[in-house]
Each structure stands twice: as C-alpha cells, then as structure tokens.
Amino acid sequence: MKPELHIGVRDLVEFVLRRGDLKHEFAGSSRAVDAVRLHQRIQYSRPESYLPEVAVSREIDTPDVRLTIGGRIDGVIAGVIPVVEEIKTTRRDPAEAVAEENALHWGQAKAYAFLYATAHGLDPIGVQLTYARLDTGRMREVRRTFALAEIRVFFDDLVGRYLEWARRLIGWRLQRDDSIRRLEFPYPAYRPGQREMIDAVERTLHSAGRSFIQAATGIGKTMAVLLPAVRSIAAQVSEKVFYLTARNTGRLAAETAVDELRARGLRLKSLSLTAKEKVCAHPGRACTPEECDVARGHYDRLPDARRAAFELDAWTRETVADVARRFAVCPFEFALELSTWADLIVCDYNYAFDPSAYLRRFFGDEPGAWAFLVDEAHNLVDRAREMFSAELRRQPLLELRRTVKTALPAVYRALGRVNRWMLAAHARCADAGAPVADREAPEDLYPLLQEFLAAAEAWLERNAPAPFREALLERYFEAGAFLRVSERFDRAYAACYEAAAKDVRVRLFCIDPSRQLADALARGRAAVFFSATLAPFDYFKTLLAGDSAETLVLPSPFPPENLGIFIADRVSTYYRHRDRTRAEIARLALDFVRPQGGNYLLFFPSYAYLRMVLEEFRTHAPQVEVVVQESGMSDREREAFLARFDADNPRTLVGFAVMGGIFGEGIDLVGDRLSGAGIVGVGLPGVCLERELIRTYFDEHIEQGFEYAYMYPGINRVLQAAGRVIRSDDDRGVVLLIDQRYRGDAYRRLLPEGWRPATVRDGATLSAGLESFWRPGRPSAPV
C-alpha cells in the first residue's frame, strides 16, 4: 500500500512558512476560552446565510505518497463571490495586526480558500482576515479576492515544499519498519524471566491494556519493555512510545538499551527530553529576541537544524544541545520540535501526566496510539500526588505586594485581600498549635485569587520589561495552577494549612490520584508499569488506575545462595524506643560489617535517627571509615559519596544513608563496590498531616488506611534499599533487616518469595551466620 500522511492546514502552513523570532509572550489563563467565545460571538453576528465551522480536506496523490490535508474554516460568507473568513483574536489594536501582514495568517486563510474553492468549483474566491480584540471585541476586517489560479500556485508551492519533507519522512519510516521487522533479541540468550516479561508487554500493547510487572534486578527490565514496544511501532500498534522515568539513571538505561538494539541493526529516532532549565543556552535571560540571541531568528534557522538532526537517530540531551548550538536555535524548543518526529521519547513522568507540564501537542482532546512505559513505577504514587496538588505561600505573595505597590496599584490591592485571607489562616493554625486540614475546599479564597489574576493579566499582557516581572509571573502561574486544581477538588482532596513563623502554606492536597491518572492514561493506548518493587499489587493498582490490569511477578535471576538475608527481629525501632536501642543497633551494625571487609550501606528512616546511631557507631568503632549522606546534597557531592565505594578500598567503609533518598534506589554499586546493606526500621514515612489524611481516607474507603499511608510505602523503601546489594550474576552480598515488626506475618508476607531469611537473636548469632555465609570468601580486610 502507498504510504499515507495526514496534516492539518495550520500545521502545514506553520511548517513551511514560519520564520522570525521565538517569542514567549504572555497569554492569560483565560485566553483560550475568551478566544473561543469571541469567535462564536462573531460567527453568531453574521447573516443567516453565513456557514460557520466548515470542514474541508484534499487528498494529494503522488507516485510515492498520499498526503491528506484538512481542517475547519471559521466561516464562509455567502455572496456572488463567496468569502472564506479566518478569525484571529488579539490583545493588540486590530489595526496593528492588519498592518503587520502576518504571513502565517494569510497563508492559512488562502490555503482554506483554495480547498473550499476547488471543492465547490468557485473562481474567483474571497479571503477575509478578521482581527478581533479580546478585551473590547473591536474588529478590523481585511478582504481580498483571488483568482483560483493564483491561490493554486500558492497552495501547490506550499504542498510541494512540504512534500520534500514528507518523502524524507516516509522513506525514513519504511527504513525504520524494515529494520524493526528484521530485529532480533540483541543477546545470545534470554535472562531468566526476561522472555516472559517481553511476552507480557507485547500482550499489553497489542490488547490496548495495562499491566503491572514486578521484575527483580538482573532480569533486564529495560530491554524487556523496549524491545516489544519498538516492535509494536512497525506492527502499527503504537504510533509513538513514551518511556517515562523519574530518575536520570532510568534515562541512561533506556538510551543504552536502544543503542544496543541499534548495534543489531535497528533504525529508530529516539529523543531524550530534558527540563528547560537544564538545557537553556543562556540561563537567567528572558526568552525574548531582545535578550536571547538564539531566540532572535530562531525560526529562520530551524529548518536547517531540523534537517541536520534528522541525519542522526539518537537525539540525546548532548546531541540536541550540540545541533542547537551549531545552528543557534533554542535547545528546548528544538527538542520539542524533534519530539514530533521521534519514535521513542524518554522523559520524566510530568511530560505525560502533570496538568501543568504535559505535552499538549500529543495529549490534547483526542487520544493517540501512544504506548506508556512507566519505569520505576513505585515512584509514581507520590509523584502523582504532587502533580495533582497545588499550594500557595503567604510570604512570596507579600514580598511581591511590597514590590509592586507603586507601579501596579490594582495588583497591590488584590494581593492585600489575599494577604488578609492568609493571615486568618495563619491565626487558625496558631490557635490549633499545629497544621490543620479541611475536607472542604477554601471557596472564599478563589475569588480573591481570580481578582489577583485579572489585575496581573492586565499588566502582563503588555509584555513590558520591569524588575518585578519574573516574580509577578511566578506568583501568577502559582495562583493559576491553584485555581486549576480547585476545579478538580472533590472527596479525594483535602485543604491543608500550615504556619511557620510569619509564613503560612495553603495546599490543595490530592489524597487519591487514581481518577486523574486514569484520565491521563486515557490519552494513550496502552500502559506498562514496571519496577523491582511493586508490593503488594493491589496497592499500586488501586492508586495508579489499574484495577483490571494484568500482573506479573518475576523473581531474581541470580543464584539465591549469593544473597544472605538476616533479620534482627528483637530490636525495636519505634520512635519512643530509639534512644534506648540506638546503642544496640550500632553494635549490630558493627557486627554486620566485621566478618567481611568491604563497603557497606546502612539505611535509616530519617536523618535524626541516622545521626543518633552514627554517634554510637563512632564510639564503638572509631577505626571504621565512615561516609555520611547529608540533606540537600548537590550532584557533585552525590558523586563524591558514591566514589568512596571503591572495589579496592583497603579498609572497610560504612556509608550512612536515608531510605527513599538519593542512595536508596537508582544506584549501581556492582561487584565488590558494595558488600552489604543494613536497613533499620520498616521504612515508614514520618507521621504528618498529609499521611494522616491518606490514612483516614483509605480507612473510610477500603479499611486499609495504615497500610496505604505507611506500611506499603515503607516496605517498598526497604526493598529498594535491599536491592542495591546484588546487581550482577557475580555479586555476593548480605542484607540485614533490623526491626521487631518483622516477627509478624503482616511484614514478613511482603518480603520477596525468593528470599531465605535467617533470624538472628543478637550480635553473636549474626556474626556466626555471616561467617557461615562468607566462608570460604576472601580474607577479611582490617576493620
């Protein structure tokens, strides 16, 4: 069959004709709604013979491609010479817009006119651009009449220039699909469980379903999801694959897996999409042609940059930045442009799910044939709660108010009313002596925020420079996001209030993100959630909108005798007992690392608990080398911490870290870089207002409040920390779990089935068990 492409009139015109500067001009939160209403008002004001919203399309059949061009005309004005009307709304004086002679606007109107004229046998045909000002409704109309031959020349030129790209795109897709059909598994043999996982992912994608796969480290999860996803593209099951990950390590794993497939002949355009602030060519400058040289003339240079990028297959962060630098285009906008042509997009969760950040070019009103591969899916629960929540703080609003007092009196007054509301919320928290929560929405705050938005918009729409502009924009977007979340506020939400000194935080907290995640997932075709820790499945299926999803558990492929599991279940780590048991825990930690020299990690539920035990540990073992995780470590400090875990360390090294933090998952210390992990406690999140709201909500709904708020999130932290130990076939290592709660079945049943834990009563039995495990291991290094 002849390859087919479909493109809308607007996209066609922009692709071929767009030139000039990249401008991020302010558009108010109500701009889209206001524009639709003004469009409709203009259409309703026309005579009865007026035809609004006229659908048109044309098929261009060439020897090598069939191109369908379509769209919807705003209206057709009847008459001796019918007139195709294109309505454009603006914040400027309509006379200025008319004088500008916008090539895109005229191009769109003329393309629509040609499609309508040829469909109805009209010659000549009228074309009218109607500019209407959003705030006043004032209009200016400019009408021209074209002979059909004249606009045919324009249209043919437009299509001809696009067909050059279309043929290249079609040729690429044929080459891509042929390579996929010939693609074989890239390794000599499947790892245990890997083939089963590949088959499960393939079933999910082809059935447009959802699946949850818990696959232990070493199975080759990344390849097991990417290979069937890539194959689904050639099978025309998936149009595009989104590999969604929460960490940089996940991105690197996906890039590596695709490179391995390319080494076996795969041709695939993959894009690693990175946050704007991480790739900006000129951090700190405004995205305007006045301040940024790559914004100035960006669209003039974009076609050449696009052609150069298309010669490459791997659009990594570094590659995109390099091409953007060579052609002097904005690297972030360039990456977004490339996303249209990418077969695989590797990006953070928020580009698919976050209401404030998702890629609207893909996730609009109509669902697409997108495949979602959700890496480390255990992280999505809390990330989803963050995405669907919103908050405001008094102090930043108050600082803005002081700044704009003279320049923007309307904004100053509006913020004064918001401030008075915030002061009342602060007083409420002070009276309670603690943060407070309501299951009812703060309805009386919303009109005050809307008043602030309206006052801010009136100035921001001028796109004028000012020292306070960035601060005003930040507060504007925060308030807008707060109001957007307020529209979804229901029984799955709570309003939280927390005071600190003179500040107060108001937060619309999403307790249960499942409904909104279901809406986000419905924008695609299929979704695979995978991780080494998805225990228990019912918890994740409930919260990640996967009630009817397929599930699969794949145990560790590594020899079970390579991992020694020890449980010290006679030691209490309850908060009230920590001071009494910290010395005992420090001694157990020393007994844990003493039998076999090497590198060890000790994980704690909090920094405070870490410091308590660290003090005792140093007292009992001053000769042991220690490295400690600190709060808010930079990337360089993180790398320096991990660099200490050298396989050739002459003495034992013990790292003190926090569960659920940057060292609790997503790190690979292969071989002798890590000999064991001790995990203190069952990983419960700290008790706080939001956790208690989760507890109450799920007690009311399924009578599992404690489990959903504390137990299940905690055990996943424990299992992630334990998963740092065995990372390859040759690794041998030990895990020590310290908590008396492991004596009960509630926690024991959540541990992996493949584990063979040995219970230890004290340091002596632990030492004996470790000696048995390590013998005849390598000689102990001095401790």
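The values are calculated or read from the model by the stated rules, or taken from the named source; none is laboratory data. Note that this is a predicted model, so its numbers are computed, not measured. Every residue, glycine as well, gets a Cβ built from its backbone with ideal geometry; the counts of neighbours run over all protein chains shown. Ligands, DNA and RNA are excluded from the accessible area calculation, which covers all protein heavy atoms including side chains. Shrake-Rupley method; radii C 1.70, N 1.55, O 1.52, S 1.80 Å.
Assorted remarks:
- In segment 167-223, residue surrounded by the fewest Cβ atoms within 10 Å (Cβ to Cβ) [restricted to those that are among the charged types (D, E, K, R) and within 20 Å of residue 724 (Cα to Cα)]: 191
- Residue that is surrounded by the fewest Cβ atoms within 10 Å (Cβ to Cβ), among those in segment 421-446 that are assigned to a helix (DSSP H, G or I) and within 35 Å of the chain's Cα centre (by Cα): 423
- Scanning segment 544-556 for residues that are at negative phi and crowded, with 19+ Cβ neighbours inside 10 Å yields a count of 6.
- Yes/no for residue 400 being open to solvent by less than 20 Å² (accessible area, probe 1.4 Å) and either modelled with pLDDT under 95 or assigned to a loop (DSSP other than H, G, I, E, B) (or both): no
- Taking every residue in segment 143-170 that is farther than 30 Å from residue 310 by Cα and pairing it with any residue that is open to solvent by 80 Å² or more (accessible area, probe 1.4 Å), at least 6 positions away or on another chain, the pairs with Cβ-Cβ distances below 6 Å are 148/123.
- The residues of segment 1-41 that are among the aliphatic types (A, V, I, L, M) and under 30 Å from residue 449 (Cα atoms), listed by number, are 27, 32, 33, 35, 36, 38.
- The set of residues from segment 590-626 being assigned to a helix (DSSP H, G or I) and in contact with a Phe, Trp or Tyr (Cβ under 6 Å, 6 or more places away or on another chain) comprises 593, 610, 614.
- If the condition is being open to solvent by 30 Å² or more (accessible area, probe 1.4 Å), among the hydrophobic types (A, V, I, L, M, F, W, C) and not in a loop (DSSP other than H, G, I, E, B), then segment 503-543 contributes 518, 537.
- Restricting attention to segment 603-625 and to residues that are among the hydrophobic types (A, V, I, L, M, F, W, C) and open to solvent by 10 Å² or more (accessible area, probe 1.4 Å), the residue that is farthest from residue 775 (Cα to Cα) turns out to be 608.
- Given (1) farther than 26 Å from residue 746 by Cα; (2) in contact with a Ser or Thr (Cβ under 9 Å, 6 or more places away or on another chain), index of the condition residue 522 fails: (2)
- In segment 1-20, residue least open to solvent (accessible area, probe 1.4 Å) [restricted to those that are out of contact with any helix residue (DSSP H, G or I) (no Cβ under 8 Å at 6 or more places or on another chain) and farther than 25 Å from residue 329 by Cβ]: 2
Matching residues to (1) within 25 Å of the chain's Cα centre (by Cα); (2) surrounded by fewer than 23 Cβ atoms within 10 Å (Cβ to Cβ); (3) more than 19 Å from residue 246 (Cβ to Cβ); (4) of a type in the set (Val, Ile, Thr):
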site	(1), (2), (3), (4)
643	no, yes, yes, no
651	no, yes, yes, no
655	no, yes, yes, no
658	yes, yes, no, yes
666	yes, yes, no, no
675	no, no, yes, no
680	no, no, yes, yes
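- Taking the numbered list (1) surrounded by fewer than 20 Cβ atoms within 10 Å (Cβ to Cβ); (2) modelled with pLDDT under 95; (3) touching a Phe, Trp or Tyr at 6+ places or on another chain (Cβ under 8 Å) in turn, residue 704 passes all entries but (2).
- Qualifying position, being open to solvent by less than 20 Å² (accessible area, probe 1.4 Å), over 30 Å from residue 544 (Cα atoms) and in contact with a Leu (Cβ under 6 Å, 6 or more places away or on another chain), among 381, 411, 418: 418
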